[in-house]
Each structure stands twice: as structure tokens, then as C-alpha cells.
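Here is the structure we will look at, set down as C-alpha cells.
The values are calculated or read from the model by the stated rules, or taken from the named source; none is laboratory data. Given the structure is predicted, the values throughout are model-derived calculations rather than measurements. Counting neighbours? That spans all protein chains shown, and the Cβs are built from the backbone with ideal geometry, glycine included.
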Amino acid sequence: MEDVTPQEGQRRVQAGALLVDVREQSEYDEVHAEGAQLLPLSELETRYAELPKDRELVMICRSGARSARAGEFLQGQGYGQVVNLAGGTMAWVNEGLPHVQGQG
């Protein structure tokens, strides 16, 4: 699975890809990339069918490890357009990309 930089991930989202955050609700509430859809890794196996197969998916977590696992799982379920955001939410925020902080 391809790793993309935060800037490339944002570019793909602006072009129509879906940003999928696989962290848990409490982590998401602390800070998340603007526009990210929450689908916790703990629920992925039962809820992955909610994700569209006809759009590219940019997977994001805290630092990139869980989102890589999630992306590999989705590829195994027949999702063809899945990339992992290298560095995760921490890198996204550090790059100054749009994010939401402290909801909850």
C-alpha cells in the first residue's frame, strides 16, 4: 500500500478522496484532520462496508501504523484505491493543515 505525505493526502481529499480516521472516539475528539470521517479500527471489521468502493480512501490514525493495518484490511476486502497517510494526524497537524482541536 502506498504511503502519502500529509500534503499529498490533503490534495487527494480536495480532489474527492475520503479521509478515514481509524483512531478511537476520544482520540478523534482531541484533534482530527478537518473533514475526516471516524471509523475506529476496533469497529472496522463490522463497519467497513459503510465505506464507498468507488472513491479513493486516505487512511489516517495518530502516527500511521493503525491506518496502514486498516488499509491492508480494506484492500483484502476488495477496496482498490487505498493509501496510508504517513505520519498520521500528528504529521497533518505539524504541517499546519486544517484540523479541529478539542471537541468533546
Open item on the list: Going through Ala91, Ala70 one at a time, which residue ends up being in a helix (DSSP H, G or I) and either modelled with pLDDT under 95 or under 11 Å from the mean Cα position of the chain (by Cα) (or both)?
Closed with: Ala70
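Residue by residue, here is whether (1) surrounded by fewer than 20 Cβ atoms within 10 Å (Cβ to Cβ); (2) without any contact (Cβ under 8 Å) to a residue 24 or more places away in the chain holds:
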position	(1), (2)
His32	no, no
Arg47	yes, yes
Met59	no, no
Arg66	no, no
Phe73	yes, no
Gly78	yes, no
Gln81	yes, no
Glu95	yes, no
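Conditions tested, residue by residue: (1) at positive phi; (2) out of contact with any strand residue (DSSP E or B) (no Cβ under 9 Å at 6 or more places or on another chain); (3) assigned to a strand (DSSP E or B).
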{"position": "Asp3", "(1), (2), (3)": "no, no, yes"}
{"position": "Gln7", "(1), (2), (3)": "no, yes, no"}
{"position": "Val20", "(1), (2), (3)": "no, no, yes"}
{"position": "Arg23", "(1), (2), (3)": "no, no, no"}
{"position": "Tyr28", "(1), (2), (3)": "no, no, no"}
{"position": "Thr46", "(1), (2), (3)": "no, yes, no"}
{"position": "Arg55", "(1), (2), (3)": "no, no, no"}
Task: Residues located in the range 2-20, provided they are surrounded by 13 or more Cβ atoms within 10 Å (Cβ to Cβ) and closer than 20 Å to Tyr48 by Cβ - done: Gly9, Arg12, Val13, Ala17, Leu18, Leu19, Val20
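Regarding the range 35-43, can at least one residue be identified that is under 11 Å from the mean Cα position of the chain (by Cα), surrounded by 17 or more Cβ atoms within 10 Å (Cβ to Cβ) and under 15 Å from Val100 (Cβ atoms)? It would help to see each step written out before you state the result.
So in the range 35-43, the residues under 11 Å from the mean Cα position of the chain (by Cα) come out as 35-41.
Those left that are additionally surrounded by 17 or more Cβ atoms within 10 Å (Cβ to Cβ): 36, 39-41.
With the extra rule that they be under 15 Å from Val100 (Cβ atoms), the set shrinks to 36.
Checked the range 35-43: at least one residue is under 11 Å from the mean Cα position of the chain (by Cα), surrounded by 17 or more Cβ atoms within 10 Å (Cβ to Cβ) and under 15 Å from Val100 (Cβ atoms).
On the given criteria, is Ser42 assigned to a helix (DSSP H, G or I), of a type in the set (S, T, N, Q), modelled with pLDDT of 95 or more and within 12 Å of Asp21 (Cβ to Cβ)?
Criteria not met by Ser42.
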